[in-house]
Amino acid sequence: MVFNTIKEFNKHYNSVRMDILTRHGYKRGDKVRLKKAMALMISFDGENFLNTGCYSIVDMKDKIRMYELSNQEVVFCLKALV
């Protein structure tokens, strides 16, 4: 699933986070810190995705916001690393 706004990112982040927690046997509501569990990927042409080097949620949101404000046509996706 691809996205290009912060609102869409939040929905997709929560979905991927729950998927990771479920695969590792955690229940909904358990306090778990995901460190470097997801990577933000960017695509300028809609096909080839490159790693942005962002692993924390704050860095991911900053990167998305930067491209939102510049009005460039880019899409993002999250890649689960665990």
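Before moving on, here are some points about what is shown:
- In terms of surrounding Cβ atoms within a 10 Å radius of their Cβ, 5, 52 rank from fewest to most as 5, 52.
- Between residue 56 and residue 30, the simple label model (points 7 Å from Cα in the Cβ direction) yields a spacing of 2.5 nm.
- Based on C-alpha pairs under 8 angstrom that are at least 6 apart in sequence, the chain has a relative contact order of 43 percent.
- FRET efficiency estimate (nearest 0.05) - Cβ-Cβ, residue 8 to residue 45, R0 22 angstrom: 0.70
- Take the convex hull of the alpha carbons in the chain; its mean projected area over all directions comes to 5.3 nm².
- Farthest toward the positive end of the dipole of the chain, out of 48, 15, 75, is the Cα of 15, where the dipole comes from beta carbon charges about the Cα centre.
- Sequence of 33, 17 once ranked by neighbouring C-beta atoms within 10 Å, starting from the fewest: 33, 17
- The chain: angle of helix 57-70 to the longest principal axis, Cα-based, in degrees nearest 10: 20
- Using alpha-carbon coordinates, inclination of helix 6-23 to the longest axis of the chain, degrees: 30
- In terms of surrounding Cβ atoms within a 10 Å radius of their Cβ, 43, 70 rank from fewest to most as 70, 43.
Any read-out appearing in this document is the output of simple, stated calculations on the displayed coordinates, not a laboratory observation. Quick caveat, the model's predicted, so the values are computed rather than measured. With ideal geometry, Cβ positions are generated from the backbone for all residues, glycine too; neighbour counts draw on all protein chains shown.
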